[in-house]
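Below is one structure, written out as C-alpha cells; the observations come after it.
The values are calculated or read from the model by the stated rules, or taken from the named source; none is laboratory data. Everything numeric here is computed off the predicted structure, so don't read it as measured data. All Cβ positions, glycine included, derive from the backbone under ideal geometry; neighbour counts span all protein chains shown.
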Amino acid sequence: MHKIFDQYSFGKCIKSIEPFGHGHINKTYLLITKKNEKYILQRINHNVFKKPKEVMENIELVTEYIRHQIKNGGNNPSQLALEIIPTLTGHSYAKVDDFYWRCYRYVYGARTYEVIENDEMFYEVGKAVGLFQKQLQNFPINKLHITIPDFHNTPARFKKFLEAIYGDNKTVDLDTFNDIKFVFERKDIMGTIIDLLEKGKIPLRVTHNDTKLNNIMIDERTHKAICVIDLDTVMPGSVLYDFGDAIRIGASTAIEDEPDLKKIKVDLNLFEKFSQGFLEETHQILNKVEISHLVESARIITLECGMRFLTDYFNGNVYFNIDYPHHNLIRARAQFKLVEEIEANSSSLNDIIKKIIKSLN
C-alpha cells in the first residue's frame, strides 16, 4: 500500500486503513490521516473496466460539470458533488503495479444505506437521481467514452446469456431449467428501450447506469440526499436505465439476494415516493415517451439484472463478488420474482405515474 500512498500529498501521514462499503466490483478503503482527515481510496477493477483511464476521464468531466452547475447556483460544490483528490503529478488516478487507484475526499456527516429505512429516504433518493439528470441535461454527451459497451443493452445481454447456456457448462442443469425458461418467455420485451433510442423516440442522455440505493449519499442530520456516487458506469444512455434500476433495488420489499421468494414484492408506496422525488426534478425535461415507459423500464432492467446474475453463475462467477457458490443463482431468482411482481402490479404503478405527472403540470 505504501507505493499507492506515496502518490498523494497525505501519503506519509496515514494513521489507519480499513475496508469500506459493500460494493460488488471495486475494492474500497477508508483512509484516516494523523490529522484525522478522511479519504476514500479505491482500486478500479480492470477486469470489469477494461479502460480505467476512460472511466476516470468520464468521472472528471461529469463531476466538474456538476460542480460548475452547483457553484453557479450558489451552493457548496464540496458537499453536493464528488471531489477527486489528484495525485502529486496532478492526475485523477494512480497506476501502481498494473493496478489503477483513485481517491475521493470523504463526505463528512453523510452515509449510504443498504436498505430503505423509511419512505422519505426513498423520496430523497428519487430527487437525487432526478437532479443528476437535470444537472446534466445540457452536458455535451459526445465527450463521454463508452466504457462498457452494451452495458444496459438488454438484447446484447441476452446473447451473452445464450452463449453461457449453450456452452460447455456443467451448471446448466434441471435445477436451473425454470430460470432459463423465465428468461426466454420474456425475450420479446428486451429490445424495447434500445428500439426507442434507435428510432429517436427518446433522447440519448448522460446516465449513471447503476442507481441503486447505496450509490446515494444521505445527510445524517437532515436526512436529505447529498449526491450520487460511484460514477464508474456513467455513459450515454437512457434515463429509463436509471429509473428502472433504482426501482429494482429500492421498491422491493426484500434485499437483492433474498432466498425466500415469498418475501419479495413491489412496494407501491415506495415506488410512489421515489417517482414523486424523481419527477419533481425531471418532469419538465422528460418527453412523453420516456414518462410512459418508466414502469416498463423497471420490469426490463430488473429482468436484465437477473439475467446477468444467472449468466455469471453459469460462467463460474467471474464478474460479481459472491459469498457462496450459489449466490448469483439466488440473486437471479430474487430478480425474477420481482419482475413477476412488477408485471402483476403494472396497472397500479402506471396509475401512480399518471397521478404524479398530473399534479406537477
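The residue that is modelled with the lowest pLDDT, counting only those in region 308-329 that are aliphatic (A, V, I, L, M) and surrounded by fewer than 21 Cβ atoms within 10 Å (Cβ to Cβ), is VAL318. Within region 119-129, the set of residues being among the small types (Gly, Ala, Ser) and more than 15 Å from ILE70 (Cα to Cα) comprises just one member, GLY126.
Counting the residues of region 79-105 that are of a type in the set (A, V, I, L, M), closer than 21 Å to ASN47 by Cβ and in a loop (DSSP other than H, G, I, E, B) gives 0. If the condition is being farther than 28 Å from GLU343 by Cα and touching a helix residue (DSSP H, G or I) at 6+ places or on another chain (Cβ under 9 Å), then region 302-318 contributes ASN315, ASN317, VAL318.
Among the residues making up region 257-279, those that are out of contact with any strand residue (DSSP E or B) (no Cβ under 9 Å at 6 or more places or on another chain) and buried (at least 18 other Cβ atoms within 10 Å of the Cβ) are ASP257, PHE271, GLU272, LYS273, PHE274, SER275, GLN276, PHE278, LEU279.
For region 295-318, does any single residue satisfy the condition of being of a type outside the set (S, T, N, Q) and in contact with a Pro (Cβ under 6 Å, 6 or more places away or on another chain)? No: region 295-318 contains no residue that is of a type outside the set (S, T, N, Q) and in contact with a Pro (Cβ under 6 Å, 6 or more places away or on another chain).
Residues in region 241-288 that are in contact with a helix residue (DSSP H, G or I) (Cβ under 6 Å, 6 or more places away or on another chain), under 23 Å from TYR324 (Cα atoms) and either part of a helix (DSSP H, G or I) or not assigned by TED's automatic domain parsing to the domain that holds PHE132 (or both): ARG248, ILE249, LEU261. Checking each residue in region 220-240 for being part of a strand (DSSP E or B) and closer than 25 Å to GLU290 by Cα picks out ALA225, CYS227, VAL228, MET235, PRO236, GLY237. If you go through region 95-120 and pick out every residue that is of a type in the set (Asp, Glu) and at pLDDT 90 or above, you end up with 2.
Annotation note: of THR154, THR171, THR192, the sole residue that is in the same structural domain as SER238 (by TED's automatic domain parsing) and surrounded by 19 or more Cβ atoms within 10 Å (Cβ to Cβ) is THR154. For beta carbons closer than 7 Å, sequence separation of 6+ or different chains, a first residue in region 294-316 that is assigned by TED's automatic domain parsing to the domain that holds VAL172 and under 10 Å from LEU329 (Cα atoms) and a second that is assigned to a helix (DSSP H, G or I) and at pLDDT below 95, the qualifying pairs are THR311/ALA164; PHE314/ALA164; PHE314/ILE165.
Let's see how each residue does on (1) in a helix (DSSP H, G or I); (2) touching a strand residue (DSSP E or B) at 6+ places or on another chain (Cβ under 7 Å); (3) at negative phi:
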{"position": "PHE182", "(1), (2), (3)": "yes, no, yes"}
{"position": "ASP188", "(1), (2), (3)": "yes, no, yes"}
{"position": "LEU197", "(1), (2), (3)": "yes, no, yes"}
{"position": "GLY200", "(1), (2), (3)": "no, no, no"}
{"position": "ASN214", "(1), (2), (3)": "yes, no, yes"}
{"position": "ILE218", "(1), (2), (3)": "no, yes, yes"}
